[in-house]
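Below is one structure, written out as C-alpha cells, with a few remarks after it.
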Amino acid sequence: MLRWFVFAMLASACGHPPPPQEPPGTTHVAPGPPDAATPAGLDDDPPRLAERSVAMYQALAKLLGEPSTDCVAVAGKLDGIASEYADAIAANAKVLHAGHDKIQKLKTAIEPHQAELDTAAQTIGASSTMKACSEQPAFAKAIDRLLGEP
C-alpha cells in the first residue's frame with residue numbers, strides 16, 4: 001500500500017503534458033545564477049528528499065501499526081506527521097509536476113530504501129487502525145494531507 005502511495009504519485013506525473021510553450025515573439029529573461037549561499041530546495045536534492053519521504057512513511061507506519069479505534073486522535077497525530085514532514089510533501093508535489101527527469105531521479109534515489117518502504121507498506125497495509133478509521137472524515141483528510149492532497 002505504501003509503495004503504491006510513493007510510486008503512484010511518481011508514476012502519475014509521467015503522463016502529464018509538458019508545460020505550455022511561450023507564444024512566438026514573447027521575450028523571456030532568464031534568471032541569474034542561483035545564490036551560492038542558498039541551499040538547494042528539497043525537490044532539487046533527490047537523495048535528501050528520498051530520505052525525508054522514507055522517514056515520513058516510517059512515522060506513518062509506526063503510528064498506524066499501533067491498534068487504535070480513536071480515529072479522531074489518530075487523525076490529530078497524522079496531522080502532526082504532515083506538519084513535521086511538510087517540506088517532503090511539498091517537494092514531492094513539485095517533483096511530480098516537474099516532469100519525467102526529476103521523477104526518474106527521485107525513483108533512483110528511492111531504490112536504496114526499498115526494503116524500508118516495503119516494511120512500512122506491510123505495516124500500513126495490515127493496519128487495523130487504517131481499516132477501522134479510513135471512512136472517518138478527519139482521518140481521511142489527514143491521510144490526504146500526507147499524500148499532498150489539498
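Here are the numbers for this structure:
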{"quantity": "All positions within region 77-111 that are over 21 Å from Gly41 (Cα atoms) and in contact (Cβ under 8 Å) with a residue 60 or more places away in the chain", "calculated": "Leu78, Asp79"}
{"quantity": "Met56, sole failed condition from (1) touching a Phe, Trp or Tyr at 6+ places or on another chain (Cβ under 6 Å); (2) outside any helix (DSSP H, G or I)", "calculated": "(2)"}
{"quantity": "Qualifying residue in region 27-47 (condition: modelled with pLDDT under 90 and closer than 30 Å to Lys131 by Cβ)", "calculated": "no"}
{"quantity": "Pairs with Cβ under 6 Å, 6+ apart, first in region 47-70 and surrounded by 15 or more Cβ atoms within 10 Å (Cβ to Cβ), second in a loop (DSSP other than H, G, I, E, B)", "calculated": "Met56/Tyr85; Leu64/Ser127"}
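The values are calculated or read from the model by the stated rules, or taken from the named source; none is laboratory data. If you're wondering where the values come from, they're calculated on a predicted model, not measured in any experiment. Counting neighbours? That spans all protein chains shown, and the Cβs are built from the backbone with ideal geometry, glycine included.
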